[in-house]
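Below you'll find the structure, written out as structure tokens, and then a few comments.
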There are 2 protein chains.
Amino acid sequence: MKKVGTKSKILDAAQDCVQRVGANAMSYQDISDAVGIQKASIHYHFPTKERLIEALIDRYSERFFSLVQSIVESELSPETKLRRYGLLFEAMLSEGERGKVCLCGILGAELATMSPVATDNIRRFFRENEKRLAEILDEGRREGAFKFEGDSRSMATLVFSLLEGAMLVVRADEGTQRFGAIMRQMIKLVCP
Amino acid sequence: MKKVGTKSKILDAAQDCVQRVGANAMSYQDISDAVGIQKASIHYHFPTKERLIEALIDRYSERFFSLVQSIVESELSPETKLRRYGLLFEAMLSEGERGKVCLCGILGAELATMSPVATDNIRRFFRENEKRLAEILDEGRREGAFKFEGDSRSMATLVFSLLEGAMLVVRADEGTQRFGAIMRQMIKLVCP
DNA sequence: GTCTATATAGAGATAGAC
DNA sequence: GTCTATCTCTATATAGAC
């Protein structure tokens, strides 16, 4: 049994809110309502909104890469790894009423209003994802499971952009199943 | 010589701002500064911010589809059509200091805070783009210029998501040239 | 049409009691 | 650690003079 402190609850509520409406539309009042704590109390844990957002990115990145790493290091086939990777994103779209998108994806859209530290870490999230994806794609191509032209890093950037973009585009149609269709189409493109 | 009225100047300033920072971070003060008009005067032309955003989407969609239509109806090769289509997005990234992204792309990220009318029209923008893109892809496949599995509509959704996502991802790296790399990689995937 | 002045609401943040 | 109370700033929006 892991104790869930207030700090963690604040992060949970803030993350949920940001993934739905974005950082600029998320307010301390929203967190206050969700956690059942006064607005002022939030400042005890996170002095400013900027630091709260930065903490959000850190925790999200850590958790996400932990999941990605377990996929990359598994004994699954490259194709299954790619599918599982895509499912990490697809799962977010299914959460709750209208679905969430990737935290760093939505913050990427709001990048111009982020702090320098946040900007750096969002950029790092993008790059690290591309790196892991490139590993999967590269392994798959060497084994003959995948077939594509060009270097695997470019291909990884393409796939990552595709997934981040698909979350936003598909959400406008309230269609989680459309994300799956895009995933399958992507798999068709790289499987010989 | 076309007369450029205040209403048009307001839309220009607002669009520029939204494409850089998003609708939630764009304020009447920003427009006031850019146009050289008082905040209150903006309300004469657009009674509320919601209507201003809706007008923004309408004008942007109309202009964008006019450009897309001229590509679709041209005598260019399917591959060149696809390239030209991608260049419409790439051109935005090159505008000004840190570049802009697609208006409807960034509003798609902020979708949960948009008015119902705006939401509908952003969704329509996505669907219409996919439709035109599907025409290009379908024509290319029939001619043998493109080669891909599945239906052209799924492929169109994939390509559109890819371009919208790439704008956001690439901007974090201040790399316009990376967008071109993704475009080339995408072309490689569909050209036999 | 554009201005000045103002209304009203909400944001993030701080001080100090408990 | 959390509360109440309050501050300051900025946002959108309105009223009425010019």
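Counting from the shortest, the label point at A:Gly36, 7 Å from Cα toward Cβ, is 5.8 nm from the same position in each remaining copy. For chain B, the longest principal axis of the C-alpha atoms and the axis of helix B:78-93 are separated by about 30°.
Here, P(r) means the percent of Cα pairs in each 10 Å bin from 0 to the largest distance; for the stretch A:50-190 it is 11, 41, 36, 11, 1.
Taking only DSSP H segments of four or more residues, each worth -39500 (n - 2.57), what value at 222 nm results for chain A once the sum is divided by all its residues, to the nearest 500 deg cm²/dmol? Result for chain A, helices only: -24000 deg cm²/dmol. Sorted shortest first, the separations between the B:Pro192 label point and its copies elsewhere in the assembly read 1.8 nm; each point sits 7 Å from Cα along the Cα-to-Cβ line.
For the rotation that carries chain B onto chain A, the axis lies closest to a Cβ at B:Gly165, 1, where the number is the distance in whole Å. Close lysine pairs were tallied over the stretch A:1-100: pairs 8 or more places apart or on different chains with Cα atoms under 20 Å apart number 6. For chymotrypsin sites (Phe, Trp or Tyr not before Pro), no site in the stretch A:96-192 is both called loop by DSSP and has at most 15 other Cβ atoms within 10 Å. In loop segments of the stretch A:111-192 as defined by DSSP, the trypsin sites (Lys or Arg not before Pro) with at most 12 further C-beta atoms inside 10 Å of their C-beta are A:Lys147. Checking every one of the GluC sites (Glu not before Pro) in the stretch B:91-128 against DSSP loop status and a limit of 15 other Cβ atoms within 10 Å picks out B:Glu95, B:Glu97. Computed from Cα positions, the angle between helix A:152-171 and the longest principal axis of chain A comes to roughly 50 degrees. Ranking B:Met183, B:Thr157, B:Val170 by Cα position along the charge dipole of the protein assembly as shown, where only Lys, Arg, Asp and Glu carry charges on their C-beta atoms, puts B:Val170 farthest toward the positive end. With a ≥ b ≥ c taken as the square roots of the eigenvalues of the C-alpha gyration tensor of the protein assembly as shown, please select rounded if a/c is under 1.5 and otherwise prolate if a/b is larger than b/c or oblate if it is not? In terms of gyration-tensor shape, oblate.
Listed by chain and number, the aspartates and glutamates whose C-alpha is less than 16 Å from the C-alpha of A:Lys131, apart from same-chain residues fewer than 8 away, are A:Glu62, A:Glu73, A:Glu139, A:Asp151, A:Glu164, B:Asp173.
With label points defined 7 Å past Cα in the direction of Cβ, position A:Glu75 shows copy-to-copy spacings of 6.2 nm, given to one decimal and shortest first. Under 17 Å from a point 7 Å along the Cα-to-Cβ line of B:Asp120: which residues of the stretch A:160-192 have their amide N that close? Residues A:172-174 qualify, since their backbone N sits under 17 Å from the label point.
Each reported figure results from applying straightforward, stated rules to the coordinates on display, with no laboratory input. What you are looking at is a predicted structure, and each value in this text was computed from that prediction instead of being measured. Quick reminder, even Gly has a Cβ in these numbers, built from the backbone with ideal geometry, and neighbours come from all protein chains shown.
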